[in-house]
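J.: This is the structure I want to talk about, given as structure tokens.
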Amino acid sequence: MGAGRTGMEIRFYHLENATLESALPKLLAKSLERGWRAVVRTRSRERVEALTEHLWTYDDRGFLPHGSAADGHPEQQPVWLTETAENPNGAHVLFLTDGAEADAMESFGLVCRLFDGRDPDSLAAARAAWKRERDAGHALTYWQQGARGWVKKAEAGGAEAGSAGDSAGNDSSAGAPAR
């Protein structure tokens, strides 16, 4: 979190052109490049297992080091996948996927909500989360997939919102996640 912020930074990533399985490894790799540990929260143990397998095999030139409760030793894992509210690896960033929620986000410096823009329920949940988290005073940024990557479309809740992001095409008049 930047100096002077009253709330944590929360980023909304609107998946339109790619699946979670395509976008998540890139965002996790970027986090690791910055020296950040991460927690990926899903809604079910089965989804944790599927993503765990995917992160081992998504790129035949490498992999993302990660683990889950099935592997143990969370303190040794730079990326921890879970379906529960926890931060056992001391992560800086929390990735919320598949509509997973976070009751307690205070132990994270950054929260990233990834949602499928092609799913009306996911979109409605993202809009509700934007309003709730904006009203709570958090610094919010909304990122939409563009032809060349992520484009920042909106920010709310603080002068520094999104300052650590890969900003391009900021339209500060935009509001919650678009349709």
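J.: Mind checking which pairs have a first residue in the range 120-139 that is closer than 19 Å to F108 by Cα and a second that is of a type outside the set (F, W, Y) and surrounded by fewer than 19 Cβ atoms within 10 Å (Cβ to Cβ), Cβ under 7 Å, 6 or more apart or different chains?
T.: Cβ pairs passing all conditions: W130/A176; A136/G7; G137/T6; G137/G7; H138/G7; A139/R5; A139/G7; A139/E160.
J.: If you don't mind, another one. Which one of these is part of a helix (DSSP H, G or I), crowded, with 17+ Cβ neighbours inside 10 Å and either in contact with a helix residue (DSSP H, G or I) (Cβ under 7 Å, 6 or more places away or on another chain) or not hydrophobic (A, V, I, L, M, F, W, C) (or both): S31, S22?
T.: Answer to the check: S31.
J.: Would you please name the residue that is surrounded by the most Cβ atoms within 10 Å (Cβ to Cβ), looking only at residues in the range 129-148 that are farther than 13 Å from L15 by Cβ and more than 16 Å from the chain's Cα centre (by Cα)?
T.: The extreme case among them is R134.
Residues checked against (1) closer than 16 Å to L15 by Cα; (2) in contact with a helix residue (DSSP H, G or I) (Cβ under 8 Å, 6 or more places away or on another chain); (3) charged (D, E, K, R):
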| site | (1), (2), (3) |
| --- | --- |
| V93 | no, yes, no |
| A100 | yes, no, no |
| S107 | no, no, no |
| F115 | yes, yes, no |
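J.: Still on this structure, please answer the following. Name every residue in the range 131-166 that is at pLDDT 95 or above and among the aromatic types (F, W, Y), in order of residue number.
T.: If the condition is that a residue be at pLDDT 95 or above and among the aromatic types (F, W, Y), then Y142, W143 are the ones that fit.
J.: Could I ask something else about it? Would a scan of the range 2-10 turn up a residue that is more than 16 Å from the chain's Cα centre (by Cα) and at pLDDT 95 or above?
T.: No.
J.: Only one of (1) hydrophobic (A, V, I, L, M, F, W, C); (2) more than 15 Å from the chain's Cα centre (by Cα); (3) surrounded by fewer than 19 Cβ atoms within 10 Å (Cβ to Cβ) fails for L55. Which number is that?
T.: That leaves (3) as the condition not met.
J.: Going by the structure shown, is F95 surrounded by 20 or more Cβ atoms within 10 Å (Cβ to Cβ), in contact with a Cys (Cβ under 6 Å, 6 or more places away or on another chain), closer than 25 Å to A136 by Cα and not acidic (D, E)?
T.: yes
Quick grid of which residues meet (1) within 12 Å of F95 (Cβ to Cβ); (2) among the polar types (S, T, N, Q); (3) over 19 Å from the mean Cα position of the chain (by Cα):
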| position | (1), (2), (3) |
| --- | --- |
| L27 | yes, no, no |
| K30 | yes, no, no |
| G35 | no, no, no |
| E49 | no, no, no |
| D59 | no, no, yes |
| A69 | no, no, yes |
| Q77 | no, yes, no |
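J.: Still on this model: Regarding A124, is this residue in contact with an Asp or Glu (Cβ under 8 Å, 6 or more places away or on another chain) and of a type outside the set (F, W, Y)?
T.: So A124 fails the test.
J.: Something else: Tell me, yes or no, whether the range 111-121 has at least one residue that is in a loop (DSSP other than H, G, I, E, B) and within 23 Å of T52 (Cα to Cα).
T.: There is no residue in the range 111-121 that is in a loop (DSSP other than H, G, I, E, B) and within 23 Å of T52 (Cα to Cα).
The values are calculated or read from the model by the stated rules, or taken from the named source; none is laboratory data. These numbers were taken from a predicted model, which means no experiment stands behind them. Quick reminder, even Gly has a Cβ in these numbers, built from the backbone with ideal geometry, and neighbours come from all protein chains shown.
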